[in-house]
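Colleague: Right, I'll just put the structure down here and ask away after.
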Amino acid sequence: QVQFVESGGGLVQPGESLRLSCTGSGSIRSTYFMVWYRQAPGKQREKVASINYVGDVTYYEPFVRGRFTISRDNAKDTLYLQMNSLIPNDTAVYYCNNTSPVNWGQGTQVTVSS
């Protein structure tokens, strides 16, 4: 059973940055495409960004493009999400997973508020 552990969230002010991390007990280095998702209060979970195994193909949803950067270190079995210029609408629980998620980790809470 795949289990991911997300970390790095917190409370920040608009315009600030956070870097999220995700570890997978070997699951990340064995997964070709990794994805960051998020779920805001009262809303459905949505994709944020994805990255291929090598890291040379990335995709960002329009609402984070230019502000967020996804990356991975397969040797460390870790996925990252660098989030800059955060806005209140980025407030959500952030999760990492593959492209066909079955199980979810606990996620990490990101709150952007002044």
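Colleague: What's the local net charge at Asn98, with K and R +1, D and E -1, over the other residues with C-beta under 15 Å away?
Modeller: Working: positive: Arg29, Arg45, Lys47, Arg72; negative: Glu6, Asp77.
Local charge sum for Asn98: +2.
Colleague: R0 = 22 Å: FRET efficiency of Arg29 with Gln106, Cβ-based, nearest 0.05?
Modeller: Working: r = 21 Å, r/R0 = 0.96.
Once rounded, the FRET efficiency stands at 0.55.
Colleague: Can you report the principal axis dimensions of the chain using only the alpha carbons, biggest first, rounded to whole angstrom?
Modeller: For the chain, the Cα spread along each principal axis is 39, 27, 22 Å.
Colleague: I'd like the carbon and sulfur percentage of the solvent accessible area for the chain, probe radius 1.4 Å, heavy atoms only, ligands and nucleic acids excluded.
Modeller: 48 percent
The values are calculated or read from the model by the stated rules, or taken from the named source; none is laboratory data. Computed from a predicted model, the values in this text were never measured in an experiment. Neighbour counts run over all protein chains shown; Cβ positions are idealised from the backbone, glycine included. Surface accessibility is based on the protein's heavy atoms, side chains included, excluding ligands, DNA and RNA. Shrake-Rupley method; radii C 1.70, N 1.55, O 1.52, S 1.80 Å.
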